[in-house]
Every structure is written in structure tokens, then in C-alpha cells.
Amino acid sequence: MGFFKRMREDMDVVFEQDPAARSYIEVMLTYSGLHAVWGHRIAHAFYKRKMFFLARLISQISRFITGIEIHPGAKIGRRFFIDHGMGVVIGETCEIGDNVTVFQGVTLGGTGKEKGKRHPTVKDYALIATGAKVLGSITIGENAKVGGGSVVLKDVPDHATVVGIPGRVVKQNGEKVRRDLDHHKIPDPVADRCAHLQREIDELRAEIARMKEGKQYVD
């Protein structure tokens, strides 16, 4: 695909994902996520030619302008959409497939000073919601969804939804995950557990009250 056709494709993704987008000129000039992707393509081209300093310099200039840090070594597929984007960090050995969406504050990072492949692989059509941290050489499966604020340290299967700290699968092998912006409307296992504990407390209080009424309560 030619350079200008690829740019047009990138802008078309913005219109598909962001209802606030109004015109191509607006998207071209004001969308920092789009600018970060374009800057990364330039930096990555130099990186592949082993011009590492120049590649890193371009990526740092892009980071300063957009607030999005993408290492020039990361491999990113087509139709990658970064919504808002401030605070997004993508590590050197990340591999991102086609039609992937990430939101602001997402980190695709490592867990230490290990060598080799140390950052996540994100497959096609995955969605990673606001503030999620995906760490280590793990795989986020095709059509998977990572909930906002989650910390994911293990592989996520295809067509699965993961939430919580640490991330836990709460949906798998169901209907195809919708790629919409309602990423807050997903199960919360922490809240579910708190609700379960509250029900147990209420039952214990009721039992104590019955014991008091039956004069079985020992002071």
C-alpha cells in the first residue's frame, strides 16, 4: 500500500472509532494518536536500517509533541487506533496486529531487565481500555478485550475479556467481542467479591440477631 493511501486508511479508522471526528483536516491536524502512529512509522523505518540513534531521536520528538511514547523497535500493524493517547507507552519488542485499539494511559511494557522478547504481543482486533497495564512477553489474543485499569501478567485467550488486578478472564468463547467505546461496561470481579462478602456479613448479623432473640447468645 502506498504512503498516502496508508495515511488515508489511518484517518478512516479515526472516523470509525471516534464520533467526535468531523473532517479529514481536523483529524490530520489535531489527533495526537494519529501523529504518534505516523511518527513511529518514520522512526521504525530508520530502526530497521540500524540507524538507531536517529530512530530514537524521532521517537522522542514524537513523544514530546504527542505525549505518547512508542519505541522505534515496536512492530505495529495496519489500522492501529490510539484514542486520546496521553500517557500511552509501547515497548521495544511489542508486536501489535491489525485493527487494534488502545486508550489513554495504556502501557505495553516489560517486567524487568530480561533480554530478548520482553514486551507483549497484541493480536488483531484486540482492545485495551483506559489505564490498563499489559506487562511482559505475553500474548493478548485476537478479539480480546482488556478492561480499564487492569494489570495483565498472563496470556489472554482469543475472544476473551480480562479485568482486575491481576487481570482475570471473565468472558471467553462467547460472542465476538464488540469493538465499541463502552469499555466501562464490563464485569468487575473485585466489586463482585465485595458484594459477596457483604451478603455474608448481612447473613451473620441476621443469625446473631436470631440468637439474641432466642436467648442463645452468650455474652
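The values are calculated or read from the model by the stated rules, or taken from the named source; none is laboratory data. All of these numbers come straight from a predicted model, not from anything done at the bench. Reconstructed Cβ throughout: ideal geometry from the backbone, glycine too, with neighbour counts over all protein chains shown.
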Checklist entry - Restricting attention to segment 10-17, does a residue exist that is over 26 Å from the mean Cα position of the chain (by Cα) and either surrounded by 12 or more Cβ atoms within 10 Å (Cβ to Cβ) or over 23 Å from Gln104 (Cβ atoms) (or both)? => result no
Next on the checklist: exposed (fewer than 14 other Cβ atoms within 10 Å of the Cβ) and of a type in the set (D, E, K, R): is that true of Arg22 in this structure?
Outcome noted: yes
Item to check | Close pairs from segment 187-198: first at pLDDT below 85 and in a helix (DSSP H, G or I), partner of a type in the set (Lys, Arg) and surrounded by 11 or more Cβ atoms within 10 Å (Cβ to Cβ), Cβ under 9 Å, at least 6 apart | outcome: Pro189/Arg168
Checklist entry - Just wondering, is there one or more residues in segment 17-38 that are at positive phi and in a loop (DSSP other than H, G, I, E, B)? => result no
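Residues are listed down the side, and each one gets a yes or a no for (1) in contact with a helix residue (DSSP H, G or I) (Cβ under 6 Å, 6 or more places away or on another chain); (2) over 19 Å from Ser32 (Cα atoms):
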residue	(1), (2)
Arg79	yes, no
Ile82	yes, no
Asp98	no, yes
Phe103	no, no
